[in-house]
Amino acid sequence: MSIRVTKFGGTSLASAEQFRKVKDIIMSHPDRRYVVASAPGKRFSEDIKVTDLLNSSFRLAASGEDFHPVLQKIHDRFFDILTELEILDFPLDEEIEIIAAHLGTSPNADYLASRGEYLNSKILARFLGYTFVDPAGLILFDDNGNLDSTATRNKLGSRLSEVERAVVAGFYGSYYDGTVKTFSRGGSDITGSLVAMSVKADIYENWTDVSGMLAADPRIVEDPAPIEYISYQELRELSYMGASVLHEDAVFPVRESGIPINIRNTNRPEDPGTMIMAKLKPEMSRNTVTGIAGKKGFSIIQIEKALMNNEIGYVAKLLGILAKYEISFDHVPTGIDTVSVVVDTDTLQPVKREVIHEIFTELEPDTLFVENGISLIAVVGLGMIRTKGVAARTLKAISDADINIRMLDQGSSELNIILGVNDNDYEKAIRSIYHELWS
Ligand code: ASP
């Protein structure tokens, strides 16, 4: 029998109505044996996520203020779900009492943040008739707070092999001594990936509130095409540039095990969503280019020096100076006697004077110029390797839109083309590239 691991995000489990949709999805396929649940998210845009309420209760308790009103709100969110689902014998008051008692001692931030997933998963397990599995003691972190993936695979895998169908609480695990530790925000995606890895799932379904990834940001491009298939490599390029549907760290466990991820929409289960896999077959890519994404807020450090080309180690020294100030670089386009380094403006700004001074004294450039207000745009697609002219069409679209290109970089893998434009031209550039490459 094949196994599907299904992870449901916060909006998918924000209310009783959403719980019913989730149950229908799970029950519609017998392979959906292991479920990972987030805490209740927002039901409407001004609503507050249960995780945020828990974090506020921690802050109030830690500063000696009254946390009871916030705890009451948390109670009410779960109470409403339980009542509407007609689960009347769930020990909610006792569970909330345990949290209150913890808040009254010296509270632990991670433990509190994890209680949303803990309670929601217990309720979902009851609703489905599945076994509840607490990931503390199964998803393990070492003393430095890093995930111990080998121990996790063993512990989680062996526990789940004992249960036919289970709901595992998302977002947390524990140190070896059992103290709860959470992942960073959105971390239930990682739990889902770890469960999929540990039970050797055939597929990891990540159910959320959108029908997968889109080829461009819908706030910039009207009605962009959905991405049906995308490789892990392309996903990484696009997520790095801000087009994210998944927690960044969620990819590694399943990628290592060759398990595909399917992003699906709980509110539109009939949509196929996006399939993320290691290798795409040629017929899977409908477009040569898979997606465009971008980010504002970069600076270009431009350096010129006559005969730079003859000076071995010049660029290495430059990058060494940046490393000393803990500035990571995004791109380093070079010419014969020029080099530019693209860095994040917010990281550079606080140490800019020192960095420039050091470059001047160590590298004696003829000119050095820092330009802020740069946006980077990545045009990503494995299909570019096989197709001529994508770069030409991209550049033509930009020049037809009367936009000046400040930087250009094409990785040797031909997986992406990176363009730098002024922040003011960012949206216009994305729209013109999209219309050129997708119409
Ligand atoms: N509930 C946590 C958050 O809001 C984790 C998650 O939903 O993945 O970030």
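Every read-out reported here was derived from the displayed coordinates using simple, explicitly stated rules and does not represent laboratory data. Since we're looking at a predicted model, the values are computed, not measured. In this analysis, Cβ positions are derived from the backbone assuming ideal geometry, glycine residues included, and neighbour counts consider all displayed protein chains.
Compare Lys23, Lys181, Lys324 in a GNM of the chain, Cα atoms joined below 10 Å, and give the one with the largest fluctuation. Of Lys23, Lys181, Lys324, the Gaussian network model singles out Lys324 as fluctuating most. Sequence-distant contacts, meaning Cα pairs under 8 Å at least 6 residues apart, place the relative contact order of the chain at 13 percent.
Taking label points 7 Å from Cα along the Cα-to-Cβ direction, Ser328 and Asp209 give a separation of 3.0 nm.
Quick check on the chain: helices-only [θ] at 222 nm, where DSSP H runs of length 4 and up contribute -39,500 (n - 2.57) each and the sum goes over total residues. Nearest 500, please.
It lands at -11500 deg cm²/dmol.
Short-range pairs are left out: with C-alpha atoms under 8 Å and at least six residues apart, the relative contact order of segment 267-406 is 37 percent. Taking each residue as 0.36 nm, the span from Lys42 to Lys279 lengthens on full extension beyond its C-alpha to C-alpha distance by 81.8 nm. Peptides 331-339, 148-156 ordered by packing proxy, namely the average of other Cβ atoms within 10 Å per residue, highest first: 148-156, 331-339. Taking the longest Cα principal axis of the chain as reference, the axis of helix 426-438 is set at about 90 degrees. Scanning residues 5 or more positions from Arg33 or on other chains, those with amide H under 5 Å from its amide H are Arg4, with H placed 1.01 Å from N in the peptide plane. Counting only the Cα atoms, the chain fills a convex hull of 177 Å³ per residue.
So if R0 is 45 Å, what FRET efficiency would Glu164 and Asp402 give, r being the distance between their Cβ atoms, rounded to the nearest 0.05? Kindly include the intermediate steps, with their values, before the conclusion.
Details: r = 62 Å, r/R0 = 1.39.
Working from the Cβ atoms, E equals 0.10.
Applied to segment 27-38, the Karplus parametrisation 6.51 cos²θ - 1.76 cosθ + 1.60 on θ = phi - 60° returns per-residue 3J(HN,Hα) values of 6, 7, 8, x, 6, 7, 8, 10, 10, 10, 10, 8 Hz, with x for Gly and Pro.
Go ahead and set up a Gaussian network model of the chain, Cα springs under 10 Å, then flag whichever of Ala401, Ala250, Ala37 fluctuates most. Residue with maximal mean-square fluctuation among Ala401, Ala250, Ala37: Ala401.
Each residue of segment 153-170 was assigned a 3J(HN,Hα) from its phi angle through the Karplus expression (A = 6.51, B = -1.76, C = 1.60, θ = phi - 60°), giving 4, 5, 5, 5, x, 6, 5, 6, 5, 7, 10, 5, 9, 9, 10, 9, 5, x Hz with x at Gly and Pro. Computed from point charges on the beta carbon alone (+1 for Lys and Arg, -1 for Asp and Glu), the dipole magnitude for segment 184-255 about its Cα centre is near 300 Debye.
Residues within the reach of a label modelled at Glu354 (point 7 angstrom out along Cα to beta-carbon, backbone nitrogen below 19 Å), restricted to segment 319-341, are 319-329.
Bridges between two residues of the chain, per DSSP, are antiparallel at a rate of about 60%. What pairs in Lys21/Lys49; Lys281/Lys388; Lys305/Lys352; Lys23/Lys181 have C-alpha atoms more than 24 Å from each other? Checking Cα-Cα distances, Lys23/Lys181 exceed 24 Å.
Our note on the geometry: Cα centres of segment 314-378 and segment 280-299, 27 Å apart.
Using the reciprocal of the averaged 1/r over all distinct C-alpha pairs, how large is the Kirkwood radius of segment 161-200 in Å?
Values: mean 1/r = 0.0901 Å⁻¹.
Over segment 161-200, the inverse of the mean reciprocal pair distance is 11.1 Å.
Using θ = phi - 60° in the Karplus curve 6.51 cos²θ - 1.76 cosθ + 1.60, the 3J(HN,Hα) couplings for segment 276-281 round to 10, 9, 5, 10, 9, 7 Hz; x is entered for Gly and Pro. Placing pseudo-labels 7 Å out from each Cα toward the beta carbon at Glu97 and Glu222 gives an inter-label distance of 5.9 nm. Summing charges over neighbours of Val380, with a neighbour being any other residue whose Cβ is under 10 Å away from its Cβ, gives -1 when K and R count +1 and D and E count -1. Note on the chain: GNM, Cα springs under 10 Å; of Ser375, Ser328, Ser121, the largest mean-square fluctuation is that of Ser328. Relative to the current alpha-carbon distance between Ser2 and Ser63, full extension at 0.36 nm per residue lengthens the span by 17.0 nm. Within the shell defined by Cβ-Cβ distances under 13 Å, the residues around Glu222 carry a net charge of -1, with Lys and Arg each +1 and Asp and Glu each -1. For the pair segment 421-439 and segment 1-33, the centres of their Cα atoms are 38 angstrom apart.
Taking a Cβ cut-off of under 10 Å around Ser12, the surrounding Lys, Arg, Asp and Glu residues balance to a net charge of +2, with basic ones at +1 and acidic ones at -1.
Suppose every K and R has +1 on its Cβ and every D and E has -1 on its Cβ; what is the size of the dipole of the chain about the Cα centre, in Debye to the nearest 20? All intermediate terms of the calculation are to be shown ahead of the outcome.
Numbers: 45 positive and 63 negative charges, 235 e Å.
Computed about the Cα centre, the dipole is about 1140 debye.
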